[in-house]
Amino acid sequence: MFQKEKTENNKEVFRPDHTELFTNKGYKKLPAGYPMKITYEPQYENLLRALTVEGQDGLEFALSWLDNLDLDSIDGSLHRLLPIFYKKLNQYNLSGIPIKELGRLKGIYRYYFYKNNLIINESSKIFHALVEAKIEFMLLKGISLILGGYYQDYALRPIDDIDILVDKKNEKEVLVFLKRFGWQKLDTIQQQSHFINKDYKYKINLHRYLLTRHCSNFTDEDFWKYAEVKTFNDYTLRFPSPTDQVWHNCFHSIGYYAGPTILAVVDVINILKISQDTIDWERLIATLKKWEQTYSILNTFLYVDSIVQNLVPYWVIKNLSEVKVSKKEKILFNSFMHEQKGIIKYWKLHFHNNPDKGLIYNMVTFPKYFKSLCGLNNFQFIKLINKRLYKAAIKRIRNFTRNL
């Protein structure tokens, strides 16, 4: 799984052997088929390397990707990476090199610069009001990466919304402030509420819990404990620590896709490049083990290492790869990676969040958890349950009649 290599100082280090890691046979301690090799279409892969590889090799990747660029048919996920690609191109000496679509790339960069500035300037009114009211909150995801200093300017990380984490006890106060500034509740999905304002073309996502899979205040204690405080517009804001930025950005997208999104990979690589020396790897490993997230995070780390070596220490990858995966983690991993649907998946999540409470407690509290997670009222919940019971009854009747 790991092979020895010597550095320039003749010091032996262990590097992941990606040829062996990315197999369908799996490890002895991991279920068959894991880690799944993360793969992207060539246009994604080439752009990712153009953004992350330095020097002449990076320029060659960039020029190769430009040769096949068609801005009129590019999809949204790649479009959001064009500002940072344009910025990366400007780092090279391009004299004498004809650059295809350079003018349009500059226009896209300016568009996102204007859009992000507009979103941040308007949302700063909310931030300032919450700070003045002494309500604790923390910025997450794209907005936290921009204001947290992980990107050189506002254009490089396009955002469409503002993600704010608040303590559940302060949620009502925050709702009052949002209403005062003209924000209306759009919906509630998986422990976060979405708000829109007719005057603005973006949303605010209000998170009551850090992770939708682990909906308890206990989950977020360390996240708040190690949060960083930075100054913005003469007042202070809270941001996740570099350690928490790494695993949260890895894990967020993997909860919905069979692997990290291309934007998430770029985010993680930027965080690692800027904060590699300040990341508490021991705490990160302990957190992943505690919340049983080693499956998905290891998979991302392996892919990052295949793109840019030495960002993730090899002892970290080795440690995570040797974790004995619990049965619960296997069940949760398969539920999401294989897109298991319905109430069963959420029951597994609920039971996973309260492993010490017992079966009776989880059965009693599950309806409230499920309704909150999916944004259902009592009538919708009862209708859904009756529909599933009806289907189950029909299935039993059919099976019974076949055996007659």
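The values are calculated or read from the model by the stated rules, or taken from the named source; none is laboratory data. Values in this document were obtained by computation on a predicted structure and should not be read as measured data. Quick reminder, even Gly has a Cβ in these numbers, built from the backbone with ideal geometry, and neighbours come from all protein chains shown.
Structure notes:
- Selected residue (criterion: farthest from Pro83 (Cα to Cα)) from residues of region 40-62 that are in a helix (DSSP H, G or I) and among the charged types (D, E, K, R): Asp57
- The residue that is farthest from Leu51 (Cα to Cα), among those in region 69-103 that are in a helix (DSSP H, G or I) and among the small types (Gly, Ala, Ser), is Gly103.
- Screening Lys106 with (1) in contact (Cβ under 8 Å) with a residue 12 or more places away in the chain; (2) in a loop (DSSP other than H, G, I, E, B) gives one miss only, at (2).
- Extreme residue, surrounded by the fewest Cβ atoms within 10 Å (Cβ to Cβ), among residues of region 87-101 that are aliphatic (A, V, I, L, M) and at pLDDT below 85: Ile97
- Extreme residue, modelled with the highest pLDDT, among residues of region 200-245 that are among the aromatic types (Phe, Trp, Tyr) and part of a strand (DSSP E or B): Phe239
- Count - residues of region 284-325 that are free of Cβ contacts under 8 Å to residues at least 60 places away in the same chain and among the aliphatic types (A, V, I, L, M): 10
- Residue in region 181-190 that is at negative phi, among the hydroxyl-bearing types (Ser, Thr, Tyr) and within 26 Å of the chain's Cα centre (by Cα) present: yes
- Scanning region 87-115 for residues that are among the β-branched types (Val, Ile, Thr) and in contact with a helix residue (DSSP H, G or I) (Cβ under 6 Å, 6 or more places away or on another chain) gives a single hit, Ile108.
- Within region 65-86, the set of residues being in contact with a helix residue (DSSP H, G or I) (Cβ under 6 Å, 6 or more places away or on another chain) and surrounded by fewer than 18 Cβ atoms within 10 Å (Cβ to Cβ) comprises Leu71, Ser77.
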